[in-house]
Amino acid sequence: INAEYMGDIQAVPIAEVKVIIEGQYQKIPQTITDTVPVIEQPNIEQQLDEVLHPNKPEDTKTSIPVVHAGHKFRVIVRGAEDLISSNSYVDIKVGKLSKRTSSRYNTRIPVWDEILQFVITDQEFLEVQVKDSDLTHEIMARALFPGSAVLSFLGTDCWVSLHDPAGNPAGKLLLTLKEGHEHDTTSIPLSLRLIGAKSLLYDSSYFAQVWLGDTQYRTNTAECTCNPTWGNEYNFQVFRDQSDIMVEIYMTTSRGDSLLGEARLSVMDLFHLARIAKAKEFPILNNKGVSVGNLLASASNR
């Protein structure tokens, strides 16, 4: 793990940031950011050495905060400033688990206010990645924190300094870290069936990409139609309070694949569809938030 990706944390009282969030999210006044105290970062090399070499002699150890194994916490992804991409989403990883926000388009100061929930241990790290919402989902910026740093900031709003893969400054992200989970986090099996799409803008060839955290699927390609039919079925282990499943619709032409739009499928909506055994149409929105058709999907508890 590269230490250069570890962000700088700045903490401010929750009430101050709440005023900013509840209004229109704009560039934060210089007078506010100048007064925000900077909290010193833990030494990442010492943290890594402690994790990788736990049995080294006592006199050479560095004292670090103790992290209780299996500590539940939640991250509220508030918004960001000065991103290098105007089309972005946030992907947060703890251990092997990854969860992402929805995408925001045509802005370098996006607002999300979305909750992602995790369990962290003393041998895990929290990694924040800001990715470009295009075909490649390229990592534009990132930050990395040891579990002890995460626990030390529970109950606060934190500005996280981001860096691109080359180590250059790449904006900052506002997160709220809170103790515990809001809801039951028992995973439940869910089968999603992408039936097709209706009333797309052009007669063309279309495929869909399905995202839930790091899990990605791609449908077959339906040729020469504005009402593509796929019928692909995908199985997930989901949580009732998990972020939406994202479905991106791509149009294939002689010049390559281009993103037509994105549909958000609420996990709670999908549980309801599984109970009533019916399909539902979900709006497909382009990068300006304009409807470009509808996605038809159904679900079941396999």
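The values are calculated or read from the model by the stated rules, or taken from the named source; none is laboratory data. As the structure is a prediction and not an experimental result, all values here were calculated from the model. A quick note on method: Cβ atoms are made from the backbone with ideal geometry, for glycine too, and the neighbour counts reach across all protein chains shown.
What the table shows:
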| quantity | calculated |
| --- | --- |
| Among the residues listed as Arg275, Arg264, the single one being basic (Lys, Arg) and either touching a Gly at 6+ places or on another chain (Cβ under 7 Å) or in contact (Cβ under 8 Å) with a residue 60 or more places away in the chain (or both) | Arg264 |
| Check on Ser298, within 23 Å of Tyr89 (Cα to Cα) and of a type in the set (S, T, N, Q) | no |
| Extreme residue, surrounded by the fewest Cβ atoms within 10 Å (Cβ to Cβ), among residues of region 235-288 that are closer than 21 Å to Ile195 by Cβ and among the small types (Gly, Ala, Ser) | Ala277 |
| In region 275-284, the residues that are modelled with pLDDT of 90 or more and aliphatic (A, V, I, L, M) | Ala279, Ile284 |
| The lone exception for Arg218 - which of (1) within 30 Å of Asp113 (Cα to Cα); (2) crowded, with 16+ Cβ neighbours inside 10 Å; (3) modelled with pLDDT of 90 or more; (4) in contact with a Phe, Trp or Tyr (Cβ under 7 Å, 6 or more places away or on another chain) it fails | (2) |
| Residues being in a loop (DSSP other than H, G, I, E, B), surrounded by fewer than 16 Cβ atoms within 10 Å (Cβ to Cβ) and either touching a strand residue (DSSP E or B) at 6+ places or on another chain (Cβ under 7 Å) or at pLDDT 90 or above (or both) - total across region 186-201 | 3 |
